[in-house]
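Everything on this sheet refers to the single structure shown next.
The values are calculated or read from the model by the stated rules, or taken from the named source; none is laboratory data. As the structure is a computational prediction, the values presented were derived from the model and not from experiment. Note that we place each Cβ from the backbone using ideal geometry, even for glycine, and neighbour counts take in every protein chain shown.
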Amino acid sequence: MKTEIDFLSDKEVEIWNYAESQNGTMDFLTEKLSAEGIFEQYRNIHKSYLELYSRIDEETIKLEILKRLIFLNWYALVEPSCYTGIEDLDNATASESYSILDQYLIDGKIDSEFKWMLSFYSSWDYTILPFSENKLEALTAFVKGVDTSILSCPKNQLPKGVMDNRGQMGIYWISMSVEKKII
C-alpha cells in the first residue's frame, strides 16, 4: 500500500518527467510550465511535505521528509526551473524546514546520508545562508564549516536502488552516480 510520502514522490517524478519531455528555449519552457500551473503544483508538493512532517510521529519518515524538503529548497535555487518544474518555492516553508534542520543538528539527529547531502548543498552556501545567518546558529556553523574543496557525496558506493522512489532528490543523486554500478 502506498503511503502519502510515496504519492508525493510519484507526483514529483511525474512533474519532472513532464518538464524533461518539453522542447524549446529556456524562456519558452519556463513560461509554458508557469502557464500550465506546473510550478504551483510543485509549491504544493513542497508545502505538503512540511505538512506531512508535522502530522507524523515516525522519526525515520520525518528525517526522510526533511531530506526532501532541504533538497527542494536547494535545487530550486541551483537548477533552472524549466528543467525541474520547481520555481519560487514558498519562503515560509523553506524557512520552517531550515529551522527544523537547525534543531536536528543541535540534537545530533541527522544521519550520515543527510550529512553528506547537506555538505554537498553547502557548496552553494548562497542557497542556505540567507535563511540561516543570524537566526539558525547550528545550521550556519555547519554550512560555513564545510570544506568545499572536497567532494562530499559518495561516488559509486551506495547500494543500487537506495535512491529509488525518493522524488527528484533520488533522481538527482542517481544522476550524480552515488549508487554502485551493476556490471
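Entry remark, the range 90-108: residues being within 11 Å of LEU50 (Cα to Cα) and of a type in the set (Val, Ile, Thr) number 2 in total.
Of all residue pairs spaced 6 or more apart or on separate chains, those with beta-carbon atoms under 6 Å, a first member in the range 1-26 that is part of a loop (DSSP other than H, G, I, E, B) and a second member that is aliphatic (A, V, I, L, M) and surrounded by 13 or more Cβ atoms within 10 Å (Cβ to Cβ) are GLN22/LEU29.
If you go through the range 124-163 and keep only what is touching a helix residue (DSSP H, G or I) at 6+ places or on another chain (Cβ under 6 Å) and charged (D, E, K, R), you end up with ASP125, GLU133. For the range 125-176, residues that are of a type in the set (A, V, I, L, M), closer than 20 Å to ALA92 by Cβ and either in contact (Cβ under 8 Å) with a residue 40 or more places away in the chain or in a loop (DSSP other than H, G, I, E, B) (or both) total 3. Each residue in the range 10-37 was checked for being closer than 12 Å to THR84 by Cβ and surrounded by 15 or more Cβ atoms within 10 Å (Cβ to Cβ), and 9 of them qualify. Scan the range 82-97 for residues that are surrounded by 21 or more Cβ atoms within 10 Å (Cβ to Cβ) and either over 27 Å from ASN23 (Cα atoms) or over 14 Å from the mean Cα position of the chain (by Cα) (or both) and the total you get is 3. So in the range 1-27, with the set limited to residues that are of a type in the set (Asp, Glu) and farther than 18 Å from ASN44 by Cβ, which one is nearest to the chain's Cα centre (by Cα)? In this case the residue turns out to be GLU20. You will find that of LEU52, LEU101, the residue that is of a type in the set (A, V, I, L, M, F, W, C), closer than 24 Å to GLU137 by Cβ and within 16 Å of the chain's Cα centre (by Cα) is LEU101 and no other. Of the residues screened, LYS135 is one that is surrounded by fewer than 14 Cβ atoms within 10 Å (Cβ to Cβ), modelled with pLDDT of 90 or more and of a type outside the set (Asp, Glu).
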